[in-house]
1. May I ask you to list the residues in segment 238-294 that are part of a helix (DSSP H, G or I), of a type outside the set (Val, Ile, Thr), over 22 Å from the mean Cα position of the chain (by Cα) and closer than 16 Å to Leu327 by Cα?
2. Residue under question is Asp349, and the condition is that it be touching a strand residue (DSSP E or B) at 6+ places or on another chain (Cβ under 7 Å), among the charged types (D, E, K, R) and touching a residue at least 40 places away in the same chain (Cβ under 8 Å); does it hold?
3. Could you look through segment 296-350, keep only residues that are in contact with a Ser or Thr (Cβ under 9 Å, 6 or more places away or on another chain) and polar (S, T, N, Q), and pick out the one that is farthest from Asp467 (Cα to Cα)?
4. Which condition number does Asp364 fail, the rest of (1) acidic (Asp, Glu); (2) surrounded by fewer than 21 Cβ atoms within 10 Å (Cβ to Cβ); (3) closer than 24 Å to Ala291 by Cα being met?
5. Where in segment 309-397 are there strands (runs of 3 or more DSSP E), lying wholly inside it, with at least 3 residues that are β-branched (Val, Ile, Thr) and either in the same structural domain as Met139 (by TED's automatic domain parsing) or over 19 Å from the mean Cα position of the chain (by Cα) (or both)?
6. Only one residue in Leu316, Leu288 is closer than 23 Å to Ala208 by Cα and modelled with pLDDT of 95 or more, so which one is that?
7. State all residues of segment 202-226 that are free of Cβ contacts under 8 Å to residues at least 12 places away in the same chain and of a type in the set (Gly, Ala, Ser); if no residue qualifies, say none.
8. Only one of (1) surrounded by 13 or more Cβ atoms within 10 Å (Cβ to Cβ); (2) in a helix (DSSP H, G or I); (3) charged (D, E, K, R); (4) modelled with pLDDT of 95 or more is not met by Glu77, so which one is it?
Amino acid sequence: MVFTVFPQTMKKEYLNNFYRVFKFDDEHFLVTTDHGAWVVLNSDEFRLLRTHMAHTNPFLFNILEEKGIVVTEDNVEKISELFRRRYHFLFYGPTLHIIVVTFRCNMKCIYCHSNSKPIDAKEWDMDEDTAKSVVDFIMSSPANSLVIEFQGGEPLANFDVIKFIIEYAKEKSKEKNKKILFSLVTNLTMMDEEKLEFLKKHRIMGLATSLDGPKEVHDKNRRYVNGSGTYEDVVYWIKRIKTEFKYDFNLNAMPTITRYSLPYWKEIIDTYIDLGFNFVWFRFLNNLGFAHSLWKKIGYTSEEFLNFYKNGLNYLFELNKSKKNILSEVFATIIGRKIMNVEDPMFVDMQSPCGAAIGQLLYDHKGNIFTCDESKIVGDTFKIGNVKMSSIRDVISHPNVVALMNISSKYPLICDSCPWAPYCGICPVHYYVTQGSVVPKLAGEYRCSIVKGIIKFLFEKIIFDKDARNTILNWINLKSI
């Protein structure tokens, strides 16, 4: 980069920061930086920036200096601080600890990302001795605030171990002076009064379930092992928890979008509104688990999903504009925060580097430690230790963790020229399963195309659509999503 000097009267040296550009049209050039700043310039302004002549337009220069798109003695420390705040998640240690208490499940969803095991195969359950070792390991994390999330299979199939972990972890957290929260990811169909009362008593407020939309969609995707639909049972418990226990639990749900879901974007949203949810999450289908073998039947192209997503978002924008309902979409809220806020919202799947090991760890039924949620189905490739033999230092410094941080930082990839790079993240597990390597070929790739398409769509709404922009800003200001 070349230093450019102001006319003598201005006396300020500067250089252009590294930036990326997307041209919406001849008069709208989006400029983005690695620390997340962005600005829209017209053709004359962009010409001055790229030819190192921004100083000839003092108004433009002040904006570029404020954003950190040009670097001066006056803003270099501010830019450094913006980088630190953008990547603050690198300094905490793993805060999310996912415990797979069992791989057994009473359902056989067509896309299961967990490779669930038969409900009677109890060799896939975690025992109390292993559970104790898992909790002891979690408490060794340097993070002061911890979240333990129970997953499966269907975790309620091994509820005795869930109870043991909750009680033991609360006791240990007091000894270690750590704040601890619990969440439970469940299909709800094995819920009963006793389990619900225990969760209420111990203030386990975070409950997450899956609801793929109206009955015809949900029952196509999410079935019992015998092939019958699960919609009625899931909705029964959703309604009960939301009415009788609405102050005791923060119940969230999400739909996973399969090929069968694509025509139903409006009906999915309406179902969530009817059941009293505050948000919906259009979760695109990952080519993992059972979905990998059925991809030709239930999968779709990135273009097909983006068409679904844009239709759904536009419907939500209209609802919010007309004040008929305030319903947010989670992924848009996460990306909106990455675009509009200084600090990263710490959604591990979209961090760069990704949250593998540095933000989350997963423990299977044998106490094996894996880098992240999705990696549990891949085998030993992403295994980085065992709670009975490894220390937290061993795990965090594991060569596989270093490699994943390197790859998911995006610097070894083609992302250096992508204007959306500051707002996205790489999932090495996805690329390992779909391409056979953690070093992905991104050009035209399914996940990459979806994420880039969503970010571009949201930027268009923020820049060119006042009503949609106001809705997105409203979503961002929500205290929880």
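The values are calculated or read from the model by the stated rules, or taken from the named source; none is laboratory data. What you see is a predicted model, and the numbers here were worked out from it, not measured in a lab. Positions of Cβ are generated from backbone atoms using ideal geometry, with glycine treated the same way; all protein chains shown enter the neighbour counts.
1. In the first step, residues of segment 238-294 are kept if they are part of a helix (DSSP H, G or I); the result is 238-244, 259-274, 289-293.
Cutting the leftovers down to of a type outside the set (Val, Ile, Thr) gives us 239-240, 242, 244, 259-267, 270, 272, 274, 289-293.
This time we only want the ones that are over 22 Å from the mean Cα position of the chain (by Cα), so: 239-240, 242, 244, 260, 263-264, 266-267, 270, 274, 293.
Selection gives Lys266, Glu267, Asp270, Asp274.
2. Details: touching a strand residue (DSSP E or B) at 6+ places or on another chain (Cβ under 7 Å): no; among the charged types (D, E, K, R): yes; touching a residue at least 40 places away in the same chain (Cβ under 8 Å): yes.
Considered against the rule, which asks whether it is touching a strand residue (DSSP E or B) at 6+ places or on another chain (Cβ under 7 Å), among the charged types (D, E, K, R) and touching a residue at least 40 places away in the same chain (Cβ under 8 Å), Asp349 comes out as no.
3. Thr301
4. (2)
5. Passing ranges: none, list empty.
6. That would be Leu316, the only listed residue that is closer than 23 Å to Ala208 by Cα and modelled with pLDDT of 95 or more.
7. None - no residue of segment 202-226 is free of Cβ contacts under 8 Å to residues at least 12 places away in the same chain and of a type in the set (Gly, Ala, Ser), so the list stays empty.
8. Tallying (1) surrounded by 13 or more Cβ atoms within 10 Å (Cβ to Cβ); (2) in a helix (DSSP H, G or I); (3) charged (D, E, K, R); (4) modelled with pLDDT of 95 or more, Glu77 fails exactly one: (1).
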